[in-house]
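Quick note: the coordinates plus some simple rules give every number you see, no bench work behind them. The structure presented is a predicted model; accordingly, all values stated were derived computationally and were not measured. Here the Cβ positions follow ideal geometry from the backbone for every residue, glycine too, while neighbour counts run over all protein chains shown.
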Amino acid sequence: MNKLTNDLSHVTEADRANVWHHLLQHKSLETTDPRIIVKGQGLRIWDQHGAEFIDAVSGGVWTVNVGYGRESIANAIRDQLIELPYWAGSGGTIPGALFSEKLLTKMPGLSRVYYANSGSEANEKVFKMVRQISARLHGGKKSKILYRERDYHGATIGTLAACGQEERAMQYGPFPDGFVAVPHCLEYRAQWDVENYGERAADAIEEVILREGPDTVGLLCLEPVTAGGGVIVPPKGYWQRVQEICKKYDILLHIDEVVCGMGRTGTWFGYQNYGIQPDFVTMAKGVASGYAAISCCVTTEAVFEQFKDASDKLSYFRDISTFGGCTAGPAAALENMRIIEDEGLLANTVAMGERIMANLNALMEKHKVIGDVRGAGLFAGAELVADRATKEPMAEAEVSRVVAEGAKRGVMFGMTNRSLTGFNNTLCFSPALIATPDDIDAITDAVDGALTAVFG
Ligand SMILES: Cc1ncc(COP(=O)(O)O)c(C=O)c1O
């Protein structure tokens, strides 16, 4: 029982009356109860009515990478909070220093960690660093930030200016200048009829750079595998070409690992699947598996050195994140990394990722509504279509019904929701990295049952 209260019907009403939920149309709570999750253990969660679910989306938004109920993380946080809960980021703390040291052992070529407390904020830090480099080295001219259609980088006005999911940004403008979209690289929704699709999609980035003027572009910001935009794994050849293009035009490469970081794709970071070397890597969700808030912006010594000109009083990075100084985040993150290493969770992610892909591909044989299956590690998507031949996307309301049927079968999976006009049609799976073969089979059995229930 929770130490705060045993009265869960009071909690339900307190929630309904007082909480404004994220990403929720509250009209729905006039006829249904808010779902309150009261407990988690391993891959399982329980709601206020005692119903048990397999959580196939790691806390709803691919966050709880090592699963629920980790006493060792709770203890690490508790011990640190008693010792010292907080000190402003202009100074140091023991967990801040030790976590940065440990993290960088997994990120060859990168050498500095800047702490903040959300993915959006970490991405904003990169945008600010790039703008400051442009101001100092290029008279402010090399300041444009390129982002990709279907990618998402956060909920702030700055990161929404770099949002490739139009429904997330609609009605929140005007946005700051200097953000420019490049085409997405989803081959299933091909924009070019070519064999080497990956290279062609990367060449499209070069076309945008040439149109804008290479001397005006400072940064290219990409997700390694697009998450909320439909679980898009870039095709073969894409990343090598992207790296070449960035080098050719002296454009810094920023990989947003907020979702893929900390093992989700079977490597520590998603970009490490592709042999590329970014200039910035941002991370948040899985860094401490949601046990504490933490995000990091990691960069190279070359970038860091740009901010050390003592002859100019404005040259250093004049930025602060109050809660980037909380010690619970790095204390939890250190223990989170230890668990991933000691329990061999990267290898498990690869093996279970293969299993979920095999199961979903098998379901594709049976269910004509599955148009495409995509994934990397324990991060998979199944795009639903109304017609396999024309690839007409399944209506969002129908996909929502599939998710609801999954929950009736005791499994919570996710979907692209209110992100892309006409394309909110991909089911998403990102269970904790501790998933077993039985867990994976239970998840895909529920998908099978849910699709049968909705489409026959
Ligand atoms: C790829 C990506 N980047 C950034 C963010 C923003 O992170 P946060 O919600 O912690 O600000 C998200 C959140 O879903 C994300 O998926």
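For the stretch 202-228, filtered to residues that are more than 16 Å from the ligand (Cβ to nearest atom) and of a type in the set (D, E, K, R), the residue that is farthest from LYS141 (Cα to Cα) is ASP203.
Within the stretch 376-417, the set of residues being of a type in the set (S, T, N, Q) and under 23 Å from the mean Cα position of the chain (by Cα) comprises SER400, THR416, ASN417. Can you name the residue in the stretch 116-125 that is farther than 11 Å from ASP319 by Cβ and not small (Gly, Ala, Ser) and, of all such residues, is nearest to the ligand (Cβ to nearest atom)? Restricting to residues being farther than 11 Å from ASP319 by Cβ and not small (Gly, Ala, Ser), the top hit is ASN123.
Looking at the stretch 273-288 only, could you name the residues that are out of contact with any strand residue (DSSP E or B) (no Cβ under 9 Å at 6 or more places or on another chain), assigned to a loop (DSSP other than H, G, I, E, B) and within 16 Å of the ligand (Cβ to nearest atom)? Answer for the stretch 273-288, where residues must be out of contact with any strand residue (DSSP E or B) (no Cβ under 9 Å at 6 or more places or on another chain), assigned to a loop (DSSP other than H, G, I, E, B) and within 16 Å of the ligand (Cβ to nearest atom): just ALA288.
It is to be established whether one or more residues within the stretch 39-46 are within 16 Å of the ligand (Cβ to nearest atom), of a type in the set (Val, Ile, Thr) and surrounded by 13 or more Cβ atoms within 10 Å (Cβ to Cβ). Checked the stretch 39-46: no residue is within 16 Å of the ligand (Cβ to nearest atom), of a type in the set (Val, Ile, Thr) and surrounded by 13 or more Cβ atoms within 10 Å (Cβ to Cβ). The set of residues from the stretch 19-47 being part of a loop (DSSP other than H, G, I, E, B), over 22 Å from THR63 (Cβ atoms) and in contact with a helix residue (DSSP H, G or I) (Cβ under 8 Å, 6 or more places away or on another chain) comprises just one member, ASP33. Are any residues in the stretch 95-116 assigned to a helix (DSSP H, G or I) and either touching a Lys or Arg at 6+ places or on another chain (Cβ under 8 Å) or surrounded by 14 or more Cβ atoms within 10 Å (Cβ to Cβ) (or both), and if so, which ones? PRO95, GLY96, LEU98, PHE99, SER100, LYS102, LEU103, LEU104, listed by residue number. Residues in the stretch 134-177 that are out of contact with any Cys (no Cβ under 9 Å at 6 or more places or on another chain) and among the β-branched types (Val, Ile, Thr) were compared, and the one that is farthest from the ligand (Cβ to nearest atom) is ILE157. Determine whether the stretch 253-264 contains at least one residue that is surrounded by fewer than 24 Cβ atoms within 10 Å (Cβ to Cβ) and not basic (Lys, Arg). Yes, the stretch 253-264 contains at least one residue that is surrounded by fewer than 24 Cβ atoms within 10 Å (Cβ to Cβ) and not basic (Lys, Arg).
Against the test of being aromatic (Phe, Trp, Tyr) and within 14 Å of the ligand (Cβ to nearest atom), the options PHE304, PHE323 yield a single qualifying residue, PHE323.
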